[in-house]
Amino acid sequence: MAMTNQQVAGVLDEIGDILEIQGENRFRVVSYRRGAESVRSLQRDINQVWQAGELETIPGVGEALSKKIDELLRTGQLGYLEKLHEQVPPGVVSLLQIPEVGPSKARAMWERLGITSVEEAEEAARAGRLHELPGFGAKTEAKILANIETLRRRQKSGRTPIGEALPAARALLAGLQAAAPGIERAALAGSLRRWRDTIGDLDLLVASTAPEPVMAAFRSLPQVAEVLLSGPTKTSIRLGSGLQVDLRVLEPARWGTALQYFTGSQQHNIELRELALRQGWSLNEYALSSTKSGEERLCANEEDVYSALGLPWIPPELREGRGEIAAARQKKLPALVTLADIKGELHAHSTYSDGRNSLAEMAAAARARGYRYFAFTDHSQSLGVTGGMSPDDWRAQRDELAKVRADFPDMLILQGAEVEVRAGGTLDYPDELLAEMDVVVAAVHVSHRQPREQITQRALNALRNPHVDVLAHPSGRLLGRREPSEVDLDRVIEVAAETGTVLEINAHPVRLDLDDVHARRAVELGVPLVINTDSHSPADMEYLEYGVEVARRAWAGAGNVFNTWEPERLLEYLRRRGKAQADQG
DNA sequence: GCCGTTTTCGGCCCGACTGTTTTCAGTCG
């Protein structure tokens with residue numbers, strides 16, 4: 001059974017954890033963490049990179065890590081890790097999951113009290129045995145007990161999907177601005193500003209010359225369940241939902257460095273600060289400071305920070321330490337697709353299946369958004385729960401659409417279907433019917449848990465059917481609810497590059513599928529992406545921004561996104577595929 | 001353990017807050 005990038009990264013992280021508990025050189029520890037993060041965000045399957053003998057081209061992976069990854073992928077095991085496990089039991093590493101328990105406290109609990117699990121730590125805290133350890137006290141003991149509760153809550157909820165986090169953050173910021181005096185600027189920062197698909201905690205940034213009243217107002221917001229810590233420049237609270245929110249307040253004149261610092265990612269900031277050092281600057285959230293004279297250079301805007309280092313401003317969506325600083329230095333940052341570039345939708349539903357609105361209502365909503373084209377793709381027949389269309393239903397819809405089109409002369413209205421790729425791998429309509437459609441969107445909704453070979457083969461069958469134009473939500477994940485299927489997305493993307501099939505970025509904030517990492521691979525291989533909201537009502541069309549942001553995180557320009565194309569070019573592409581099909585016979 | 005527009009050796013981002021400390025270590029981001 002091949003290991004995934006996530007699993008390899010997990011092993012490297014575990015080595016880093018154990019070495020840190022052992023008190024190893026911290027730079028060695030950081031090397032394992034860096035390697036893990038790099039493997040985790042790799043846009044290719046690590047097995048492919050390994051087979052090509054290119055492990056050492058991964059940033060942060062040198063001779064030692066590549067040898068360990070090689071052993072891991074060859075044998076599924078790692079002798080070095082087994083040796084480490086003999087020295088430090090795996091249960092000790094699990095103690096690090098408790099908030100505010102780091103390597104030092106974990107080691108003390110293990111060496112002095114023989115604690116090797118969160119449960120044993122809880123027992124010891126209740127029995128009052130922790131506070132006698134060196135570096136511990138009564139408060140630490142009580143906190144550990146409370147934090148174990150927090151851990152259990154968090155393990156249930158996990159990271160928060162951005163579709164929940166963003167509205168909550170916007171409400172908090174608006175509430176703070178209404179309640180606190182003297183706020184000159186305010187922004188959401190952190191992974192939210194970078195539009196990561198899930199959010200660990202919320203980061204708010206405020207510019208004010210009088211921080212204390214801002215902090216006081218923040219602590220008193222109605223959403224606050226618990227104040228975790230509060231100082232003159234930083235306050236952290238927890239919401240009733242369990243989500244943690246950090247607020248930083250800084251002087252307006254330092255807004256640029258503050259926003260840059262607080263947006264992250266951590267890896268991006270490390271690389272940027274290393275670059276600054278090479279140019280004689282120390283960079284922190286307050287200023288750039290000359291390493292020679294100590295003289296400060298203040299940046300009121302983020303652009304100033306980057307330009308002082310000889311760089312163009314880097315969009316937050318790219319700041320993941322995935323090569324964006326090198327690209328910026330070479331002036332090779334892509335011109336990212338924007339919301340305004342989108343000219344239409346190719347995946348939407350009506351009352352002909354599980355949509356909530358009529359054809360005319362949906363078309364009117366699309367026109368109100370200024371769309372040049374709009375495709376109805378209701379579910380196919382086998383998807384009973386959605387009221388999927390029989391071939392006769394589809395023809396009835398075609399007749400109704402002929403009338404609806406007359407009311408929208410300036411918008412191209414297409415008719416297709418979201419055709420189920422059945423568990424056996426065949427499509428839900430005969431080819432003759434598919435051939436009549438303007439656009440065919442194939443999708444997997446049932447038997448998600450098939451083994452890798454089988455579910456991958458289903459996707460490939462769809463891609464290789466000459467009538468299929470788009471593969472929808474390829475991984476099938478539902479954030480916070482369902483893991484992605486085992487489908488081999490690298491293979492899917494490669495085959496899509498051969499067949500010319502368009503891959504969807506589903507913009508519904510629960511899906512965001514393709515994700516940013518795989519979408520970037522698609523961009524690299526020249527596979528066109530389509531950003532679809534999969535709307536079941538006019539309100540769903542508002543989700544478009546989430547999908548555009550995934551594409552931006554994937555380094556996609558407008559040219560990479562199918563539904564930024566002019567209607568004529570889009571139709572030409574769809575027809576040429578149809579013609580190629582006819583030629584194939 | 002990784003890496004190089006000063007380096008193949010000698011560095012490695014930077015600061016806030018808390019608790020248990022008599023001046024700082026630990027943890028977090």
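The values are calculated or read from the model by the stated rules, or taken from the named source; none is laboratory data. Please read all numbers here as calculations on a predicted model, not as lab measurements. Here the Cβ positions follow ideal geometry from the backbone for every residue, glycine too, while neighbour counts run over all protein chains shown.
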Inset, instruction - Within segment A:479-509, track down each residue that is at pLDDT below 95 and closer than 27 Å to A:E542 by Cβ. - result: A:L479, A:G480, A:R481, A:R482, A:E483, A:P484
Inset, instruction - Would you confirm whether any residue within segment A:184-199 is more than 12 Å from DNA strand B (Cβ to nearest atom), of a type in the set (K, R) and farther than 20 Å from A:D246 by Cβ? - result: no
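Condition first: more than 8 Å from DNA strand B (Cβ to nearest atom) and at pLDDT below 95. Now tell me which residues in segment A:238-249 satisfy that. First the steps, then the outcome.
If we filter segment A:238-249 for residues that are more than 8 Å from DNA strand B (Cβ to nearest atom), which is where we start, we get A:238-243, A:245, A:247, A:249.
If the condition is that a residue be more than 8 Å from DNA strand B (Cβ to nearest atom) and at pLDDT below 95, then A:R238, A:L239, A:G240, A:S241, A:G242, A:L243 are the ones that fit.
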Inset, instruction - Kindly check whether there is at least one residue in segment A:216-227 that is under 18 Å from A:W255 (Cβ atoms), within 11 Å of DNA strand B (Cβ to nearest atom) and either outside the structural domain of A:Q266 (by TED's automatic domain parsing) or in a loop (DSSP other than H, G, I, E, B) (or both). - result: no
Inset, instruction - For residues that are over 24 Å from A:E320 (Cβ atoms) and assigned to a helix (DSSP H, G or I), tally how many sit in segment A:47-67. - result: 4
Legend entry - Those helices (runs of 4 or more DSSP H) lying entirely in segment A:324-413 with at least 3 residues not hydrophobic (A, V, I, L, M, F, W, C): A:391-406
Inset, instruction - Scan segment A:225-250 for residues that are buried (at least 17 other Cβ atoms within 10 Å of the Cβ), free of Cβ contacts under 8 Å to residues at least 24 places away in the same chain and farther than 19 Å from A:L151 by Cβ and jot them down. - result: A:T235
Legend entry - Lone qualifier among A:P103, A:P161, A:P167, A:P89 - being closer than 27 Å to A:N25 by Cβ and within 31 Å of the chain's Cα centre (by Cα): A:P103
Inset, instruction - Could you identify the single residue in A:L574, A:L544 that is at pLDDT below 95, surrounded by fewer than 24 Cβ atoms within 10 Å (Cβ to Cβ) and either among the hydrophobic types (A, V, I, L, M, F, W, C) or not assigned by TED's automatic domain parsing to the domain that holds A:H379 (or both)? - result: A:L574
Inset, instruction - Kindly provide the set of residues from segment A:525-581 that are in contact with a Pro (Cβ under 7 Å, 6 or more places away or on another chain) and part of a loop (DSSP other than H, G, I, E, B), ordered by number. - result: A:W555, A:G557
Legend entry - Residues of segment A:323-369 satisfying the condition of being over 30 Å from A:L272 (Cβ atoms) and either basic (K, R) or touching a Leu at 6+ places or on another chain (Cβ under 7 Å) (or both): A:I342, A:K343, A:S350, A:R356, A:L359, A:R367, A:R369
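Just for segment A:418-473: of the residues that are among the polar types (S, T, N, Q) and surrounded by fewer than 19 Cβ atoms within 10 Å (Cβ to Cβ), which one is farthest from the chain's Cα centre (by Cα)?
Pass one, segment A:418-473, residues among the polar types (S, T, N, Q): A:426, A:447, A:450, A:454, A:456-457, A:461, A:465.
After this cut, where a residue has to be surrounded by fewer than 19 Cβ atoms within 10 Å (Cβ to Cβ) as well, the list is A:426, A:447, A:450, A:454, A:457, A:461.
Details: A:T426: 31, A:S447: 25, A:Q450: 24, A:Q454: 26, A:Q457: 26, A:N461: 28 Å.
Going through the qualifying residues, I end up with A:T426.
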Inset, instruction - Quickly run through segment A:144-162 and pick out the residues that are touching a helix residue (DSSP H, G or I) at 6+ places or on another chain (Cβ under 9 Å), modelled with pLDDT of 90 or more and not hydrophobic (A, V, I, L, M, F, W, C). - result: A:T160
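For A:V29, indicate whether it is among the aliphatic types (A, V, I, L, M) and closer than 25 Å to A:R553 by Cβ.
Working: among the aliphatic types (A, V, I, L, M): yes; closer than 25 Å to A:R553 by Cβ: no.
It is false that A:V29 is among the aliphatic types (A, V, I, L, M) and closer than 25 Å to A:R553 by Cβ.
Among the residues of segment A:269-281, which ones are of a type in the set (A, V, I, L, M, F, W, C) and either under 15 Å from A:A258 (Cβ atoms) or near DNA strand B (Cβ under 6 Å from one of its atoms) (or both)? Outline the logic, then answer.
Going through segment A:269-281, the residues of a type in the set (A, V, I, L, M, F, W, C) turn out to be A:270, A:272, A:275-277, A:281.
Residues satisfying the conditions are A:I270, A:L272, A:L277.
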Legend entry - segment A:163-179, residues that are touching a helix residue (DSSP H, G or I) at 6+ places or on another chain (Cβ under 6 Å) and surrounded by fewer than 17 Cβ atoms within 10 Å (Cβ to Cβ): A:A179
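Determine whether A:A340 is of a type in the set (G, A, S) and either surrounded by 18 or more Cβ atoms within 10 Å (Cβ to Cβ) or near DNA strand B (Cβ under 9 Å from one of its atoms) (or both).
Values: of a type in the set (G, A, S): yes; either surrounded by 18 or more Cβ atoms within 10 Å (Cβ to Cβ) or near DNA strand B (Cβ under 9 Å from one of its atoms) (or both): no.
No; evaluated as a whole, the condition is false for this residue.
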Inset, instruction - Take the residues in segment A:491-523 that are among the acidic types (D, E) and touching a strand residue (DSSP E or B) at 6+ places or on another chain (Cβ under 6 Å), then tell me which one is farthest from A:Q43 (Cα to Cα). - result: A:E504
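Please work out if A:D13 is under 25 Å from the mean Cα position of the chain (by Cα), surrounded by fewer than 20 Cβ atoms within 10 Å (Cβ to Cβ) and either more than 9 Å from DNA strand B (Cβ to nearest atom) or in a helix (DSSP H, G or I) (or both).
On the way: under 25 Å from the mean Cα position of the chain (by Cα): yes; surrounded by fewer than 20 Cβ atoms within 10 Å (Cβ to Cβ): yes; either more than 9 Å from DNA strand B (Cβ to nearest atom) or in a helix (DSSP H, G or I) (or both): yes.
Yes; evaluated as a whole, the condition is true for this residue.
Does segment A:282-312 hold any residues that are in contact with a helix residue (DSSP H, G or I) (Cβ under 9 Å, 6 or more places away or on another chain) and within 8 Å of DNA strand B (Cβ to nearest atom), and which are they?
Result: A:S282, A:L283, A:N284, A:E285, A:Y286, A:T291.
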Inset, instruction - Would you mention how many residues in segment A:44-68 are under 23 Å from the mean Cα position of the chain (by Cα), among the polar types (S, T, N, Q) and under 13 Å from A:V8 (Cα atoms)? - result: 1
Inset, instruction - Scan segment A:361-385 and report the pairs whose first residue is in contact (Cβ under 8 Å) with a residue 40 or more places away in the chain and whose second residue is buried (at least 22 other Cβ atoms within 10 Å of the Cβ) and part of a helix (DSSP H, G or I), with Cβ atoms within less than 6 Å and a gap of 6+ or a chain change. - result: A:F374/A:A366
Legend entry - From A:E100, A:E54, A:E37, residue being surrounded by 15 or more Cβ atoms within 10 Å (Cβ to Cβ), modelled with pLDDT under 95 and either within 11 Å of DNA strand B (Cβ to nearest atom) or under 29 Å from A:P484 (Cβ atoms) (or both): A:E37
Legend entry - The listed residue being within 12 Å of DNA strand B (Cβ to nearest atom), over 29 Å from the mean Cα position of the chain (by Cα) and farther than 30 Å from A:R194 by Cα, out of A:G135, A:G128: A:G135
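Can you tell me which residues in segment A:60-70 are near DNA strand B (Cβ under 6 Å from one of its atoms) and buried (at least 19 other Cβ atoms within 10 Å of the Cβ)? Walk me through how you get there before you give the answer.
Kept after step one, since they are near DNA strand B (Cβ under 6 Å from one of its atoms), are these residues of segment A:60-70: A:60-65.
Those that are near DNA strand B (Cβ under 6 Å from one of its atoms) and buried (at least 19 other Cβ atoms within 10 Å of the Cβ): A:V61, A:L65.
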Inset, instruction - Would you be able to tell me the number of residues in segment A:262-282 that are closer than 13 Å to A:L204 by Cα, in contact with a Leu (Cβ under 8 Å, 6 or more places away or on another chain) and either surrounded by 22 or more Cβ atoms within 10 Å (Cβ to Cβ) or of a type in the set (V, I, T) (or both)? - result: 0
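Do we have A:A258 as surrounded by 15 or more Cβ atoms within 10 Å (Cβ to Cβ) and modelled with pLDDT of 95 or more here? Write out each step before concluding.
On the way: surrounded by 15 or more Cβ atoms within 10 Å (Cβ to Cβ): yes; modelled with pLDDT of 95 or more: yes.
Answer is yes for this residue.
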